[in-house]
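To start, the structure itself, in structure tokens.
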Amino acid sequence: DARVTQTPRDKVTEMGQEVTMRCQPILGHNTVFWYRQTMMQGLELLAYFRNRAPLDDSGMPKDRFSAEMPDATLATLKIQPSEPRDSAVYFCASGLVPFPGELFFGEGSRLTVL
Amino acid sequence: EDQVTQSPEALRLQEGESSSLNCSYTVSGLRGLFWYRQDPGKGPEFLFTLYSAGEEKEKERLKATLTKKESFLHITAPKPEDSATYLCAVRNTGNQFYFGTGTSLTVIP
């Protein structure tokens, strides 16, 4: 049963610390998305990759967030330094775009910055 | 600007009481409208894709429909296990996906 795998599931950290979240997309999918979910904003698009190339990261605060895809089995989202307002659930999703196009989500990484 | 608006924000139904959830959208070239179900503490789970106005998809008690401006998720005779947040998303010509904030559905036994 193919699925998107995210680590860690939960992370509590102090303000100013570096946080790295990892995602293993479904094998064969060509597109990976990072989303952030909060009660107020819902799912916000942070960045996405096609065939490992970054296509859009306009949703990310550039001064502290970075996203990379070092190989086809790993996508990373890094926050340095972290701030309390970064507290949210971060989701990775992968899909075969443009067709059929639907995205499959991981279980998310819940980040709490104190 | 591409945008998705879902209503109502929350819906409480008695078991067996049918209803509909609404998803209104504006998008620069629709390349698909997607419905997802999200349970607490979980990632969104894919339900349907609709590509063109007039298209309908069904799965168990759920039926999704699409017009040029909105989509409806019809829930027929819901059961408590249908309780979840239902999310709508659109994909534009740039292959970006934009999500609504969801409708939280509670089905009371």
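Details
- Carbon + sulfur, % of accessible area of chain A - ligands and nucleic acids excluded, 1.4 Å: 52 percent
- Of the residues B:Q38, B:Y51, B:T67, the one whose Cα sits farthest toward the positive end of the charge dipole of chain B, with +1 on the Cβ of Lys and Arg and -1 on the Cβ of Asp and Glu, is B:Y51.
- Rg and Dmax, both from the Cα atoms of region A:1-62 and both in Å, are 13.3, 38.
- Summing charges over neighbours of B:V4, with a neighbour being any other residue whose Cβ is under 13 Å away from its Cβ, gives -2 when K and R count +1 and D and E count -1.
- q = 0.16, 0.17 Å⁻¹, region B:1-101: log10 I(q)/I(0) [Debye, one scatterer per Cα]: -0.64, -0.72
- Lys, Arg +1 and Asp, Glu -1 on Cβ, resulting dipole of chain B about Cα centre, debye, nearest 20: 200 debye
- Since only B:T106, A:P98, A:L45 are under comparison, the one whose Cα sits farthest along the positive direction of the charge dipole of the protein assembly as shown, derived from C-beta charges on Lys, Arg, Asp and Glu, is A:P98.
- Extension gain (nm, one decimal) between A:T76 and A:K62, 0.36 nm per residue minus Cα-Cα: 3.6 nm
- In the context of the full set of protein chains, residues of chain A present 51 Å² of accessible surface per residue (probe radius 1.4 Å, heavy atoms only).
- Applying the Kirkwood pairwise sum to the alpha-carbon positions of chain A produces a hydrodynamic radius of 14.0 angstrom.
- Legend: residue pairs A:K11/B:K42; A:K11/B:K79; A:K11/B:K59, Cα-Cα distance threshold 25 Å; pairs beyond threshold, A:K11/B:K79; A:K11/B:K59.
- Low-density loop cleavage sites - GluC sites (Glu not before Pro) in region A:7-71, where at most 12 other Cβ are within 10 Å (DSSP): A:E14, A:E18
- Compactness of the protein assembly as shown, taken as the C-alpha radius of gyration over 2.2 N^0.38 Å, stands at 1.02.
- Structural size metrics of region A:35-78, computed from C-alpha coordinates, are Rg and Dmax of 11.1, 33 Å.
The values are calculated or read from the model by the stated rules, or taken from the named source; none is laboratory data. Every value quoted in this text rests on a predicted model; they were computed, and no experiment measured them. Every residue, glycine among them, receives a Cβ derived from its backbone with ideal geometry; neighbour counts consider all protein chains shown. The accessibility values were calculated without ligands, DNA or RNA, using every heavy atom of the protein model including side chains. Shrake-Rupley method; radii C 1.70, N 1.55, O 1.52, S 1.80 Å.
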